[in-house]
Amino acid sequence: MLLSIHHISLPVEDPLLKFLIELIIILCIPLVLNKIKIPHLLGLLIAGAVVGPNGLNILSRDSSVVVTGTTGLLYIMFLAGLEIDMGDFKKNKWKSITFSFYTFTAPFVLGLAGGYYILKFSLLTAVLFASLFSSHTLIVYPMISKLGIAKNRAVNITVGGTMITDVLSLVVLAVVVGMSQGAVGTVFWIRLSISMLVFALIVLFVFPILGRWFFKNVEDKISQYIFVIVMIYLAALLAEIAGIEAIIGAFFAGLAFNRLIPHSSSLMNRVEFVGNAIFIPFFLISVGMLIDFNAFIQSWQTLGVAAVMLIASIGGKYIAAILTKKTFRLTKDEGQLIFGMSAASAAATLASVMVGYNIIIGENSAGEPIRLLNEFVLNGSILLILISCTISSFVAMSSAEKIADNDKEETVSGTNEKKENILLAVNHFETVDQVVNLGLLVKTVSNKDRLFALNIINEDENESSSRNAEKILGSAVTMAAAADIALHPITRHDSDVVTGINNVVKEKQITDLILGLVQEKGFSSSFIYNLYNGLLQNKDINVIVYRAVQPAATIKKYVVLIPANAERESGFFLSLLRVWNIAKNSGAKMDFYSNAKTMHILKRIAKKVNIDARFWITKSWQEAQSAAYGLGEDQGLILLMAERGMPSYFSQMRTVPELLNKNLNDNNYILIYPSSENENLFSEKRAVSNNDDFVEIGKIIGKIFR
């Protein structure tokens with residue numbers, strides 16, 4: 001009745017109604033399935049099959065669906081590259097390579113045997129048939145990431161292995177297609193190798209340069225997001241030009257922007273939000289539209305081919321996961337997570353099947369075309385996609401939830417941890433962005449709602465000052481909200497700024513105070529006076545002073561200067577945790593400079609936390625100072641300071657503000673004054689001084705980053 005009133009026929013052609021139907025599916029499926037503990041991506045696949053051309057034919061799989069679906073697929077691969085922890089990836093690179101060998105070889109051997117001996121394919125067709133099962137799609141990655149275990153070693157191993165095995169399977173596709181057309185020779189191999197090398201060099205080296213320039217010069221948040229989308233599609237296009245699949249290009253783009261989009265930034269939140277809300281669900285619906293249940297009813301041969309495909313794919317991936325688990329002594333849950341993440345066949349498998357199906361290698365006696373891969377393989381691949389994605393969803397989510405629960409328990413147990421409360425002093429519009437961004441970088445991952453923004457209003461000032469304070473705090477709250485962080489605004493009327501800050505520090509039990517320097521002023525005489533004669537009198541907090549001349553995400557490397565005897569300060573390890581957080585959350589490299597004794601401690605702790613760090617032993621302050629003055633473009637300085645009377649204090653520290661004003665006008669710098677009398681996140685009320693304590697501190701820091 002409704003259809004006839006609006007003169008609408010099936011499939012729906014009205015773009016407004018089509019989009020509305022798809023949005024209703026995306027909205028309702030998770031709400032219904034989450035209540036019965038079924039992964040909603042499975043529901044989106046089934047919904048796509050129901051409303052698609054092979055189901056009720058409500059929606060056609062036209063160009064609009066294909067475009068948004070393709071974007072979703074590229075998004076999945078981009079996010080996988082973007083969120084991979086490069087420190088962990090470097091640590092686990094040999095594990096990823098080993099896993100990629102297992103997960104490529106096991107399904108390939110099973111598929112080759114099944115295709116050649118059971119299905120009686122030609123050797124060339126059997127090789128292409130076998131390559132279908134070696135690749136996999138990280139279809140569950142967005143849900144794994146939401147659980148907060150994207151940095152888990154099993155996830156890193158799987159993501160790294162995915163890149164390698166997908167490239168290998170697609171190279172097999174290119175070679176088989178070339179052989180079927182008689183085009184494989186020396187020229188073919190040279191052309192393919194050179195094109196892939198040029199592609200990798202452009203994306204991994206030129207893209208970061210373009211991205212760093214863009215983020216430094218364009219502050220508009222919308223333009224930054226559009227730029228990211230453009231680079232995803234450009235990388236995908238370059239991959240196709242190079243002769244490999246677009247999904248590999250999207251993954252490489254994620255790797256290229258890994259250090260430029262901090263995990264705790266508002267831009268990362270936008271990228272994840274739009275992808276998870278729109279593009280990835282559209283991809284799942286578009287894949288579901290390919291499912292044709294009638295094909296399995298009409299032909300038993302299709303079911304036979306599908307059975308071989310399922311055994312080769314699921315069985316091969318399970319064997320690979322078990323071998324990886326035993327080789328590297330992973331836990332049972334980590335082994336299951338690897339299997340769950342790698343079990344799904346969708347993107348590369350479907351692409352390879354469609355390529356093979358469209359290649360005609362001859363004609364039969366009836367004049368009908370003989371295809372490299374026949375329609376039974378095409379239909380079987382659809383069933384493989386449905387079943388493999390179902391298994392992947394249940395297994396991956398079940399094991400991921402167990403790992404997430406275990407990580408939470410380990411982080412809490414035995415640390416004697418008190419809550420981290422970070423106070424951002426924002427009295428100037430010019431410093432709001434830099435202070436909030438640094439707050440997001442130095443906080444620990446679990447801290448989602450213990451950040452405070454403070455604006456002090458002098459009691460003698462007029463109403464316009466109150467309105468100005470509201471605008472400043474509103475801007476800070478908006479910035480934090482864009483990164484999905486709850487920032488609590490505080491307006492304080494007091495006789496002076498220092499008194500107001502000190503009172504809030506006591507009231508809110510602040511652990512870290514962040515102060516921003518106006519770029520043009522640097523250290524002013526009034527700021528230095530208030531710092532040393534007022535703010536640093538809070539002995540039980542870290543005081544962090546920050547000056548930024550460019551966005552923190554565009555910093556390639558920090559030089560970190562640590563004075564001798566710093567390890568004897570009670571607040572040393574909490575300060576060091578802030579430095580580690582900056583490295584982990586921004587991806588910047590860290591060059592540590594200190595004496596041999598302190599450096600020994602740093603290296604022992606570094607074994608527990610994977611960051612990109614180098615360690616340089618210095619014998620004098622002058623050597624460390626030379627490293628600071630030698631900063632290049634896109635490099636920053638982090639300096640651990642001390643107050644008079646503290647073990648690491650030396651007389652030249654009083655001249656540091658003046659020297660920074662004079663010599664580092666073009667670089668970001670951070671000064672950290674560790675607490676001197678505190679019961680911080682790690683210590684009892686004392687300085688740590690023996691090796692057993694250092695090992696324990698390293699374990700605690702490792703748990704926080706897990």
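Please give the peptides 120-131, 42-53 ranked by average Cβ packing (other Cβ atoms within 10 Å per residue), highest first, as a rough proxy for protection. Spell out each step's value before the answer.
On the way: 120-131: 20.0, 42-53: 22.2.
Taking the mean over residues of other Cβ atoms within 10 Å, the ranking is 42-53, 120-131.
Legend: distances between Cα atoms for K95/K120; K90/K539; K556/K619; pairs beyond 30 Å are K95/K120; K90/K539. Nearest 10 degrees, 0 to 90: what angle lies between the long axis of helix 153-180 and the longest principal axis of the chain (Cα atoms)? Rounded to the nearest ten degrees, it is 40. Other residues within the sphere of radius under 14 Å centred on the Cβ of F205, judged by their own Cβ, net out at +3 (K and R +1, D and E -1). Pairs exceeding 25 Å between alpha-carbon atoms, taken from K18/K221; K216/K508; K91/K603: K18/K221; K216/K508. Across the chain, C-alpha contacts under 8 Å between residues 6 or more apart give a mean separation that, scaled by the residue count, equals a relative contact order of 14 percent. Residues Y318, Y669, ordered by accessible area of protein heavy atoms at a 1.4 angstrom probe radius and largest first, appear as Y318, Y669. Figure note: W189, W580, W94, W621 ranked by solvent-accessible area, largest first, 1.4 Å probe, ligands and nucleic acids not counted: W94, W189, W621, W580.
Seen from S524, the other residues with C-beta closer than 12 Å to its C-beta sum to a net charge of 0, counting Lys and Arg as +1 and Asp and Glu as -1. Seen against the Cα atoms of the chain and their longest principal axis, helix 497-507 is set at about 60 degrees. Would you please classify the overall shape of the stretch 568-639 from the alpha carbon gyration tensor, given that a ≥ b ≥ c denote the square roots of the eigenvalues, rounded means a/c under 1.5, and beyond that prolate means a/b larger than b/c while oblate covers the rest? Here the stretch 568-639 falls in the oblate category.
Rolling a 1.4 angstrom probe over the protein heavy atoms with all chains in place gives the chain an accessible area of 42 Å² per residue.
Please list, by residue number, every one of the trypsin sites (Lys or Arg not before Pro) in the stretch 614-648 that is coil in DSSP and has at most 16 other beta-carbon atoms within 10 Å. For trypsin sites (Lys or Arg not before Pro) across the stretch 614-648 that sit outside H, G, I, E and B with at most 16 neighbouring Cβ atoms in 10 Å, the list reads K619, R644.
A probe of 1.4 angstrom, applied to the heavy atoms of all protein chains, finds E507 with accessible area near 110 square angstrom.
Cross-link pairs exceeding 20 Å in C-alpha to C-alpha distance, out of K93/K326; K317/K607; K93/K589; K93/K607; K419/K443, comprise K317/K607.
The values are calculated or read from the model by the stated rules, or taken from the named source; none is laboratory data. Keep in mind it's a predicted model, so treat the numbers as computed, not measured. Positions of Cβ are backbone-derived with ideal geometry, glycine not excepted, and every protein chain shown enters the neighbour counts. For the accessible areas, the whole protein counts, side chains as well, though only heavy atoms, and no ligand, DNA or RNA atoms are used. Shrake-Rupley method; radii C 1.70, N 1.55, O 1.52, S 1.80 Å.
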